[in-house]
Amino acid sequence: MHADVKGNYISDPKQTSFVGSNFLTLQDFNKHDIEQLLWTAADLKERIKNNGEIYQPLIGKAAALIFEKRSTRTRLSSETGFAALGGHPAFLTTNDIHLGVNESLPDTAKVLSGFVDVILARVYCHGDLITLAHEASIPIVNGLSEIYHPLQSLADMLTLQEHYGSLSGLTLAWVGDGNNIIHSIMMAAPKLGINLKIATPKGYEIFPEVMEDAVRFAKGADTSIFVTNDPMEACHNANIVVTDTWISMGQEEEKAERLKAFNGYQVTKKMTDVMDKDWTFLHCLPRKPEEVDDEVFYSKNSLIWPEAENRKWTVMAVLLSVLRDHVHKTPKPIF
């Protein structure tokens, strides 16, 4: 990073251009790339929220926001965020377009490519995102799939960076299901210097292919991944504890079985008592009481509200970055 003649900070001349790229999983992004996206999010937050700057580089751009699943944070963050940057978001459910019904997914991708500049899709099947990316001539952004939720992981990393001042050397404990949230954390955290301790019940472990990738990333970054079925063991000496729903949309029929399997996995003060004294708690929301008790969820150590807000700044960073290169005005955070 360096400054121009007026003293304004501008982007690293070695920055990556993401223009025209897809954003399907953070598996595809290296440490420098992820840090750049987080820097862009932090820059937008400082300029727009804190300094009141009107910054609309996406005037004339349109986004199709496809949602197969209902949403609060992903919908509101992407819709309001894209509009704040000057673009026009079009929110579309399966009741609004012929998504795989009366019109094939490849045909929908081609049609939308002629109408909008980017597609954000929240889908049940990750394979549908891959199809969209293959068939569309515009960038595809993953708003959630059953395997990955990279936008949430970016928000988590930004929240932790803001709280701790840097990420390198932190230890994050996951207590819960081996789902799309921890999968995405595993694609980012090891590259950023964060050690992982993962506790899942037997039968609900991390996908093997995701674990294989994460172990490789950790080895390259000299970070560690520890796996257990004991939540207390995972939390011991950790800085951060993270959990999520045990029953995702589409898994309602498994509720009784899952509640039994996750007995003992509720995040409580008993778990945080064995953590670092400056422990923090994250949850992507919405929260159910069996996942975390009120004492932890509403504690001063809980970062859930800034975490939720940061969904907006990180999705703005992604949507902006795949459409045009960004010049930063604020210093790059320490990662």
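The values are calculated or read from the model by the stated rules, or taken from the named source; none is laboratory data. As the structure is a computational prediction, the values presented were derived from the model and not from experiment. Here Cβ is always computed from backbone atoms with ideal geometry, including for glycine, and neighbour counts include all displayed protein chains. Surface areas here come from the heavy atoms of the whole protein model, side chains and all, with no ligands, DNA or RNA. Shrake-Rupley method; radii C 1.70, N 1.55, O 1.52, S 1.80 Å.
The numbered conditions (1) part of a strand (DSSP E or B); (2) open to solvent by 10 Å² or more (accessible area, probe 1.4 Å) are all true for ALA63 except (2). Given the criteria touching a Ser or Thr at 6+ places or on another chain (Cβ under 9 Å), open to solvent by 10 Å² or more (accessible area, probe 1.4 Å) and under 30 Å from ILE59 (Cβ atoms), does LYS110 qualify? Against the criterion (touching a Ser or Thr at 6+ places or on another chain (Cβ under 9 Å), open to solvent by 10 Å² or more (accessible area, probe 1.4 Å) and under 30 Å from ILE59 (Cβ atoms)), LYS110 qualifies.
With the checklist (1) open to solvent by 60 Å² or more (accessible area, probe 1.4 Å); (2) more than 16 Å from the chain's Cα centre (by Cα); (3) in contact (Cβ under 8 Å) with a residue 40 or more places away in the chain in hand, flag the one item ASP273 doesn't pass. Going through (1) open to solvent by 60 Å² or more (accessible area, probe 1.4 Å); (2) more than 16 Å from the chain's Cα centre (by Cα); (3) in contact (Cβ under 8 Å) with a residue 40 or more places away in the chain one by one, ASP273 breaks only (3).
Listed by position, the strands (runs of 3 or more DSSP E) enclosed by the range 73-173 that each have at least 3 residues that are touching a Gly at 6+ places or on another chain (Cβ under 8 Å) and touching a residue at least 24 places away in the same chain (Cβ under 8 Å) are 118-122. Filtered by the rule that a residue be open to solvent by less than 20 Å² (accessible area, probe 1.4 Å) and either touching a residue at least 60 places away in the same chain (Cβ under 8 Å) or within 27 Å of TYR55 (Cβ to Cβ) (or both), the range 285-299 gives a lone residue, GLU291. Looking for something assigned to a strand (DSSP E or B), closer than 21 Å to CYS284 by Cα and in contact (Cβ under 8 Å) with a residue 24 or more places away in the chain - is there at least one such residue anywhere in the range 229-238? No; the residues of the range 229-238 include none that is assigned to a strand (DSSP E or B), closer than 21 Å to CYS284 by Cα and in contact (Cβ under 8 Å) with a residue 24 or more places away in the chain. Quick check, is ILE54 without any contact (Cβ under 8 Å) to a residue 40 or more places away in the chain and either of a type outside the set (Phe, Trp, Tyr) or surrounded by fewer than 15 Cβ atoms within 10 Å (Cβ to Cβ) (or both)? Yes, satisfied. What about THR245, is it modelled with pLDDT under 95 and open to solvent by 10 Å² or more (accessible area, probe 1.4 Å)? Answer is yes for this residue.
Of all residues in the range 320-335, none satisfies the criterion of being over 24 Å from HIS163 (Cβ atoms) and among the aromatic types (Phe, Trp, Tyr).
What do you reckon, is LEU285 more than 14 Å from ILE194 (Cα to Cα) and not in a loop (DSSP other than H, G, I, E, B)? In short, no.
Name the single residue, out of those in the range 124-170 being under 16 Å from the mean Cα position of the chain (by Cα) and small (Gly, Ala, Ser), that is nearest to VAL242 (Cα to Cα). Applying the filter and picking the extreme gives SER153.
If the condition is being open to solvent by 10 Å² or more (accessible area, probe 1.4 Å) and assigned to a helix (DSSP H, G or I), then the range 300-320 contributes TRP305, PRO306, ALA308, GLU309, LYS312, TRP313. Pairing each residue of the range 309-334 that is aromatic (Phe, Trp, Tyr) with any residue that is surrounded by 22 or more Cβ atoms within 10 Å (Cβ to Cβ), provided the two are 6+ apart or on different chains, yields C-beta distances under 8 Å for TRP313/ALA41; TRP313/ALA42; TRP313/LEU44; TRP313/GLY81; TRP313/ALA155; TRP313/LEU158.
In the range 199-222, the count of residues that are surrounded by 24 or more Cβ atoms within 10 Å (Cβ to Cβ) and of a type in the set (Ser, Thr, Tyr) is zero.
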